[in-house]
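Written below as structure tokens is the structure these notes are about.
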Amino acid sequence: MKKIIKCKLLWLVLAIGIGMLGCATDGRYSQTQKGSAVGTAGGAAAGAAIGAAIDGGSGAGWGALAGAVVGGLTGSAVGYMNDQQREMEAALAEERRRHQLEIQRLQDESLKLDIPSEVSFDHDSDALKPAFLPTLDKIADVLKKYNKTVVHVIGHTDSTGAEKYNLDLSLRRAGNVALYLERQGIPSQRLSIYGRGENEPRASNATASGRQLNRRVEIILKPILEGQEHKAFEEPAASRRSL
């Protein structure tokens, strides 16, 4: 009964800001909706908003949630994100040299880390590769220093196999990346997870090289601006349109 109530409140409080969410049996992942799967790592961000609603609405809303998590930037995010990007690039210089990771600045000042699945997961597995953990440790260290960002983890697959299976696999992978970051000290309130499956290819799935590009995990860091906190918690736009 409690799970049903929590699910209904989640729809009420978070559907506008993050997207259409459902409830999974373990409370960590949502059901799939419209070709994409969405979740909140650890359920903490959802739980904070739900708790505020249950308490009569005092403090409810994205601004209160963001304030409870890390506070907000009072000015432009440009300088803050510039500094974070420089530190992230320095920390991950070796991974970038080996083409194991890409760092990109987006038009909305978000920062995107693009990680091939071959680096982070074995084939058809959602278990993090041990060799990938030091990279996540470096990412976590920078995220702890620059704590005025929301961390969106997005899983992607190629089109091999059933669409629903790919969607579930992409969400599980994103969830395990977020869970590891949480265990390294990143508050779960800052973490949201998404599974996009095969729906946002970077390249054609008709070739082996294209499928390799499409299998990836993205980490998008969105700055929390005072008065615009809800934007940091909104689901990132599609990184690539279907080909």
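The values are calculated or read from the model by the stated rules, or taken from the named source; none is laboratory data. Keep in mind it's a predicted model, so treat the numbers as computed, not measured. Glycine also receives a Cβ, built like all others from the backbone with ideal geometry; neighbour counts cover every protein chain displayed. Accessible surface is based on the protein model in full, side chains and every heavy atom, while ligands, DNA and RNA are left aside. Shrake-Rupley method; radii C 1.70, N 1.55, O 1.52, S 1.80 Å.
In table form, for the structure just shown:
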| quantity | calculated |
| --- | --- |
| Failed item, numbered, when residue 142 is tested on (1) open to solvent by less than 40 Å² (accessible area, probe 1.4 Å); (2) aliphatic (A, V, I, L, M); (3) more than 19 Å from residue 116 (Cα to Cα); (4) at pLDDT below 95 | (4) |
| Scan of the stretch 186-233 for residues that are touching a strand residue (DSSP E or B) at 6+ places or on another chain (Cβ under 8 Å) and within 16 Å of residue 109 (Cα to Cα), ordered by number | 218, 219, 220, 221, 222, 223, 224, 225, 226, 231, 232, 233 |
| The stretch 206-224, residues that are open to solvent by 40 Å² or more (accessible area, probe 1.4 Å) and either at pLDDT 95 or above or not charged (D, E, K, R) (or both) | 206, 207, 208, 209, 212, 213 |
| Some residue of the stretch 181-193 being in a helix (DSSP H, G or I), crowded, with 19+ Cβ neighbours inside 10 Å, modelled with pLDDT of 95 or more and among the polar types (S, T, N, Q) | no |
| Test: residue in the stretch 76-94 that is modelled with pLDDT under 90 and open to solvent by 30 Å² or more (accessible area, probe 1.4 Å) | yes |
| Residues of the stretch 225-243 satisfying the condition of being of a type in the set (Lys, Arg) and either modelled with pLDDT of 90 or more or crowded, with 16+ Cβ neighbours inside 10 Å (or both) | 231 |
| Matching entry among 133, 169 (being in contact (Cβ under 8 Å) with a residue 40 or more places away in the chain, more than 24 Å from residue 83 (Cβ to Cβ) and open to solvent by 40 Å² or more (accessible area, probe 1.4 Å)) | 133 |
